[in-house]
Amino acid sequence: MIRTKTPEEIEEMRKSALLVGDTLAELSKHIKPGITTKELDSIGEDFIRSHGATPTFKGYFDYPASLCISINEVVVHGIPGKREIKEGDVISIDCGTTLNGWVGDSAYTFAVKGIKDEDKQLLKVTKESLYLGIKTCQVGHRLGDLGYTIQSYCESFGYGVVRELCGHGVGHQMHEDPNVLNYGRQGTGAKFREGMTIAIEPMITLGNKEVVFQSDGWTCTTIDNSTAAHYEHDIAITKDGPTILSSFEQIEKAIGTNNNLELI
Ligand code: MF3
Ligand code: CO
């Protein structure tokens, strides 16, 4: 069942989603060659807790960390650990916060200096596909229109659209109805209604779209070890169109001040 939210509830959700953006911005100051993903995780967790929220991912189906940090061939759900960031890496950080009972869930893919041109284009196109998808979230349009838009744009560059994972409704729970697929057919699926709040998260690969899950039960990597990108925004559907609850603004400001990162 899709639970719609009132305008007041949507503003509460925005606070949580913006805290995710602030957390990712804080993290982007610390990304540099040599830092481990575990160190980044603890910076993120401290930041979230010091702002009166809890890290939504920690303990979710026994997930052991506050962030998912997915490097290069890891598509999503990379568990923070001893892996060190190195020059040229593509690093997706996915973060969830629960603030006053509302979940914010957003992800950004960072480019470490030295990144290959082909990876740069993958990041750019994946981010663009997210915004193109968001534009379709208008009352009366359907979920299939959103999926079709993301899929057709990314496939026009020859990229793979991962099928095993998808976006979702978001609210008091991280995962609510409906599933928000990154592929689909126009004019199909549930209709967007005023007050719907969803997380849209294209997961796109430079090569084959097939993925495998590692034996830890979480880490999802491309089958051909090609690079993957992942961006995620929470949005609400209003009668005037979509409003983006999360934000990349603080993140991109912070990237601009970190010599180890490139702004895509
Ligand atoms: N953004 C991801 C999702 O929507 C993050 C979940 S990671 C988990 O599914 F560990 F919490 F499951
Ligand atoms: Co999500």
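Of Lys82, Lys5, Lys58, all but one fail to be within 15 Å of Val170 (Cβ to Cβ) and not in a helix (DSSP H, G or I); the exception is Lys5. Reported count of residues in the stretch 140-180, each being more than 16 Å from ligand 1 (Cβ to nearest atom) and assigned to a loop (DSSP other than H, G, I, E, B), is 6. Considering the stretch 101-139, and only residues there that are part of a helix (DSSP H, G or I) and among the basic types (Lys, Arg), the residue that is farthest from ligand 1 (Cβ to nearest atom) turns out to be Lys120. Among the residues of the stretch 236-252, those that are assigned to a loop (DSSP other than H, G, I, E, B), within 16 Å of ligand 1 (Cβ to nearest atom) and of a type outside the set (S, T, N, Q) comprise Leu245, Phe248.
Filtered by the rule that a residue be within 14 Å of ligand 1 (Cβ to nearest atom) and loosely packed, with under 14 Cβ neighbours inside 10 Å, the stretch 21-63 gives Gly59, Tyr60, Phe61, Asp62.
Picking from residues in the stretch 210-235 that are surrounded by 23 or more Cβ atoms within 10 Å (Cβ to Cβ) and in a loop (DSSP other than H, G, I, E, B), the one that is nearest to ligand 1 (Cβ to nearest atom) is Tyr231. With respect to the conditions (1) under 17 Å from Thr98 (Cβ atoms); (2) within 12 Å of ligand 1 (Cβ to nearest atom), Ile69 falls short on a single one, namely (1). Picking from residues in the stretch 171-209 that are in contact with an Asp or Glu (Cβ under 7 Å, 6 or more places away or on another chain) and farther than 21 Å from Lys135 by Cα, the one that is surrounded by the most Cβ atoms within 10 Å (Cβ to Cβ) is Leu206. Among the residues of the stretch 231-246, those identified as in contact (Cβ under 8 Å) with a residue 40 or more places away in the chain and either of a type in the set (Val, Ile, Thr) or over 18 Å from Leu18 (Cα atoms) (or both) are Ile235, Ile237, Thr238, Lys239, Gly241, Thr243, Ile244.
The set of residues in the stretch 193-209 being part of a loop (DSSP other than H, G, I, E, B) and of a type in the set (A, V, I, L, M, F, W, C) consists of Met196, Leu206.
Here Lys38 qualifies as assigned to a helix (DSSP H, G or I), at pLDDT 95 or above and either within 17 Å of the chain's Cα centre (by Cα) or of a type in the set (D, E, K, R) (or both).
Restricting the search to the stretch 80-103, which residues are more than 17 Å from Asp22 (Cα to Cα) and either touching an Asp or Glu at 6+ places or on another chain (Cβ under 6 Å) or among the charged types (D, E, K, R) (or both)? Hits for the stretch 80-103 are Pro80, Lys82, Arg83, Glu84, Lys86, Glu87, Asp89, Val90. Scanning the stretch 124-139 for any residue that is more than 16 Å from ligand 2 (Cβ to nearest atom), among the aliphatic types (A, V, I, L, M) and either crowded, with 17+ Cβ neighbours inside 10 Å or within 26 Å of Ser28 (Cα to Cα) (or both) turns up at least one such residue.
The values are calculated or read from the model by the stated rules, or taken from the named source; none is laboratory data. These numbers come from a predicted model, not from an experiment. Because the Cβ atoms are built from the backbone with ideal geometry, glycine has one as well, and the counts that use them run over all protein chains shown.
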